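Here the structure comes first, spelled out in structure tokens, and everything after it is commentary.
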Amino acid sequence: MCGIVGYIGHRQADELIIKGLERLEYRGYDSAGIAIINNGLAIFKKAGKVKALRKMIKTSDTSGTLGIGHTRWATHGEPNDKNAHPHMGNNGRLALVHNGIIENYAVLKSALMAEGHTFSSDTDTEVLVHLIEEIQKEGNLALEEAVRLALNRVEGAYAIAVVDRNNPGILVGARKQSPLLVGIGDNEFFIGSDASPFLDSTKRVVYLEDGQVACISLEKGLQLRNTANEEQPPFIQTLDLQIEALEKEGYEHFMLKEIYEQPKTILDAMRGRISSKESRVTLRGLEEYANRFVRANRIIIVACGTSYHSGLIGEYLIEDLARIPVEVEYASEFRYRNPILSERDIVIAISQSGETADTMAALELAKQKGAMIYGIVNSVGSSIARLTDAGSYIHAGPEIGVASTKAFTGQVTVLTLLALSLARKLSTISNTYFQTLVRELELIPSKVEEILKENDHIKYIAKEVKDHHNALYLGRGYNFPVALEGALKLKEISYVHAEGYPAAEMKHGPIALIDENMPVYVTATNKSAYDKIVSNVQEVVARKGRVIAIVNKGEKLIAKIADHVIEIPSTEEPLTPLLSVIPLQLLSYHIAVELGRNVDQPRNLAKSVTVE
Ligand code: F6R
């Protein structure tokens with residue numbers, strides 16, 4: 001949540017920062033601002049999107065080669081001009097941008113007020129810049145030293161960037177539990193919440209570790225110290241990321257582009273890890289810890305949102321194929337309920353961003369309690385990827401639409417590989433069935449391709465159902481988590497109330513909601529529960545509910561009674577989620593577009609939830 005950019009170099013900072021903020025807008029988009037050091041300190045900030053800030057500064061003097069910027073997702077204080085970052089202290093020297101929450105801000109604020117500080121916003125962040133100013137004033141300290149001392153008094157999570165009018169050659173950044181990296185260019189440096197703001201200038205980066213303070217100047221380069229004031233050598237990595245991945249490439253929205261990328265991203269998640277010819281599934285991260293996995297008492301999957309839904313599919317897969325007990329928990333609940341964990345447990349975190357605060361905290365707890373921790377992550381080099389003992393990247397590339405699509409199918413693909421690999425090691429499925437599943441998995445990308453050809457038909461259905469204010473999603477077995485995911489997709493981008501249920505549970509309550517105004521999305525592609533789900537559809541039709549069914553090609557019974565049918569290719573049951581979720585993603589997308597919603601940046605949301 002919140003995006004941070006910083007620049008120090010020989011080029012004009014304003015355009016580089018604004019462009020960087022536009023790339024980081026997926027992290028928050030309720031207000032934005034920049035601070036530029038020229039002969040003094042110039043600050044511009046505005047409620048709304050970065051576009052509004054861009055317009056505001058068009059006629060202002062923003063020249064200067066050092067600056068910082070911020071795009072906000074509000075925590076403390078409503079999204080308006082005064083709460084937008086950067087924030088300043090009282091003497092007008094410092095400007096600071098922040099991602100995270102200063103938890104002890106109230107205590108610090110009272111102490112600072114007693115010293116005579118006055119505040120002009122409702123944010124926790126403003127307290128930090130006043131604290132740095134106070135410390136700097138007391139000891140006449142260098143900026144980086146004042147920042148370091150201030151951070152020793154702060155509780156909570158932060159990634160910050162700070163500039164000082166009286167030190168016009170220095171950019172300071174620091175992080176704890178919120179991401180921050182430094183881009184190293186040719187006699188120029190960048191700071192970013194991720195690498196997207198500066199990817200067209202450099203791919204050489206240093207990921208800051210928790211508690212590190214970076215002091216950057218053109219004379220001395222990047223210098224790192226921890227909050228205990230020990231010097232630390234920077235570890236420079238070169239990213240394998242292409243700038244095209246950050247563009248819409250002709251699609252109207254990032255979400256649509258990402259839905260259409262799925263044949264490729266599923267293939268990328270499998271690349272080098274699977275071969276039906278060699279009858280092999282190999283996940284390198286798993287191989288290193290194979291003994292721990294095969295001897296595990298149980299696996300606990302922790303995640304949030306869409307990643308939680310893929311975790312539920314992981315539970316079905318691992319229990320069904322590898323016969324290891326699995327529990328799936330919302331990371332936020334797991335960490336606060338004093339869970340019982342032992343060294344024989346494996347905790348798997350699933351996260352697209354690799355930065356979700358609750359998932360991080362759940363992993364830290366699991367680590368403390370001696371469990372092995374494994375990550376299934378998209379964002380390379382992210383905090384979760386670095387915290388885990390081992391793991392597997394999903395290799396989906398940057399996901400920019402706030403609603404997760406390709407990351408979901410990437411996660412499910414990796415979980416399928418994990419279950420198959422464990423099943424092989426534990427001999428819990430026959431060689432023939434293993435071969436069948438591997439062969440079928442290799443066919444999934446082309447089957448997704450086929451489903452995407454149904455786009456016009458799905459768009460037509462979306463137009464038909466768009467005006468309903470509620471929706472029910474039903475599925476059984478492997479398709480139950482798909483129902484949850486379908487409902488979440490609709491809610492978050494179209495603001496239509498939707499709920500996902502196991503189809504058989506409908507009789508235990510939700511059936512009371514069904515009438516001619518209730519669209520019911522039924523996923524009926526699993527053969528083992530087919531007859532039962534036909535009965536569930538009959539029950540909905542008998543109550544005049546409008547049925548939109550996803551069925552296998554050639555299906556006859558449901559096709560006869562449903563209002564709309566979307567046919568998809570059939571596959572082996574454990575692989576059905578990878579196909580059945582695609583029409584639901586497209587339906588949500590088209591309904592949201594029909595309703596005129598901001599698909600890529602829905603209200604109140606942000607892509608990377610780095611606060612608890
Ligand atoms: C929904 C969505 C969110 C995320 C959740 C976890 O489309 O994107 O529900 O899935 O915030 O995020 P990650 O996977 O980054 O940990």
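The values are calculated or read from the model by the stated rules, or taken from the named source; none is laboratory data. Note that the structure is a prediction, hence the values are computed from the model and not measured. Cβ placement follows ideal geometry from the backbone for every residue including glycine, while neighbour counts extend to all protein chains displayed. With ligands, DNA and RNA removed, areas are computed over all heavy atoms of the protein, side chains included. Shrake-Rupley method; radii C 1.70, N 1.55, O 1.52, S 1.80 Å.
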- Message: Cβ-Cβ under 8 Å, sequence separation 6+ or interchain: first residue in the range 236-261 and surrounded by fewer than 12 Cβ atoms within 10 Å (Cβ to Cβ), partner in a helix (DSSP H, G or I) and modelled with pLDDT of 95 or more. Which pairs?
- Response: Glu249/Lys257
- Query: Considering the range 171-187 alone, what residues qualify as being open to solvent by less than 10 Å² (accessible area, probe 1.4 Å), at pLDDT 95 or above and outside any strand (DSSP E or B)?
  - Reply: Leu180
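Per-residue answers, yes or no, for (1) assigned to a helix (DSSP H, G or I); (2) touching a helix residue (DSSP H, G or I) at 6+ places or on another chain (Cβ under 9 Å):
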{"site": "Lys45", "(1), (2)": "no, yes"}
{"site": "Thr62", "(1), (2)": "no, yes"}
{"site": "Asn83", "(1), (2)": "no, yes"}
{"site": "Asn90", "(1), (2)": "no, yes"}
{"site": "Val97", "(1), (2)": "no, yes"}
{"site": "Ser110", "(1), (2)": "yes, no"}
{"site": "His117", "(1), (2)": "no, yes"}
{"site": "Ser121", "(1), (2)": "no, no"}
{"site": "Gln136", "(1), (2)": "yes, yes"}
- Message: Checking the structure you have, find out if any residue of the range 276-290 is within 16 Å of the ligand (Cβ to nearest atom) and more than 17 Å from the chain's Cα centre (by Cα).
- Response: no
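From the list Leu24, Leu53, exactly one residue is modelled with pLDDT of 95 or more and not in a loop (DSSP other than H, G, I, E, B). Which is it?
The match here is Leu53.
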- All-but-one check, Thr359 against (1) farther than 21 Å from Asp210 by Cβ; (2) in a helix (DSSP H, G or I); (3) within 15 Å of the ligand (Cβ to nearest atom), failing number (1)
- Task: Quick one: in the range 590-612, of everything that is buried (at least 19 other Cβ atoms within 10 Å of the Cβ) and small (Gly, Ala, Ser), which residue is nearest to the ligand (Cβ to nearest atom)?
- Result: Ser608
- Can you tell which of Leu267, Leu312 is within 22 Å of Leu579 (Cβ to Cβ), more than 16 Å from the ligand (Cβ to nearest atom), in contact with a helix residue (DSSP H, G or I) (Cβ under 7 Å, 6 or more places away or on another chain) and in contact (Cβ under 8 Å) with a residue 40 or more places away in the chain? Leu267
- Note on the structure: Cβ pairs under 8 Å, 6+ apart or interchain, first in the range 335-351 and over 20 Å from Ser383 (Cβ atoms), second within 15 Å of the ligand (Cβ to nearest atom) and acidic (Asp, Glu), ordered by first then second residue, are Pro339/Glu329
- Query: Got at least one residue in the range 196-210 being small (Gly, Ala, Ser) and at pLDDT below 95?
  - Reply: yes
- Task: Go through the range 276-334 and give me each residue that's open to solvent by 10 Å² or more (accessible area, probe 1.4 Å), of a type in the set (Ser, Thr, Tyr) and part of a helix (DSSP H, G or I).
- Result: Thr306, Ser307, Tyr308, Tyr316, Ser332
- Hits in the range 382-438 - residues which are basic (Lys, Arg) and over 13 Å from the mean Cα position of the chain (by Cα): Arg386, Arg424, Lys425
- Item | Some residue of the range 89-98 being farther than 22 Å from Gly169 by Cα and in the same structural domain as Leu16 (by TED's automatic domain parsing) | no
- Of Asn83, Asn104, Asn38, the only residue that is touching a residue at least 40 places away in the same chain (Cβ under 8 Å), closer than 22 Å to Gln136 by Cα, among the polar types (S, T, N, Q) and in the same structural domain as Glu133 (by TED's automatic domain parsing) is Asn104
- Message: Show the residue pairs meeting these rules: Cβ distance below 8 Å; 6+ apart or different chains; first residue within the range 538-551 and more than 20 Å from Ser580 (Cβ to Cβ); second residue at pLDDT 90 or above and open to solvent by less than 10 Å² (accessible area, probe 1.4 Å).
- Response: Val541/Val547
- Lone unmet requirement of (1) surrounded by 24 or more Cβ atoms within 10 Å (Cβ to Cβ); (2) modelled with pLDDT of 95 or more; (3) outside any helix (DSSP H, G or I) for Thr413: (3)
- Any chance the range 347-357 includes a residue that's surrounded by fewer than 24 Cβ atoms within 10 Å (Cβ to Cβ) and closer than 30 Å to Phe434 by Cβ? no
- Query: Can you tell me which residues in the range 362-389 are open to solvent by 10 Å² or more (accessible area, probe 1.4 Å), of a type in the set (A, V, I, L, M, F, W, C) and away from the ligand (no atom under 12 Å from the Cβ)?
  - Reply: Leu365, Val380, Leu387
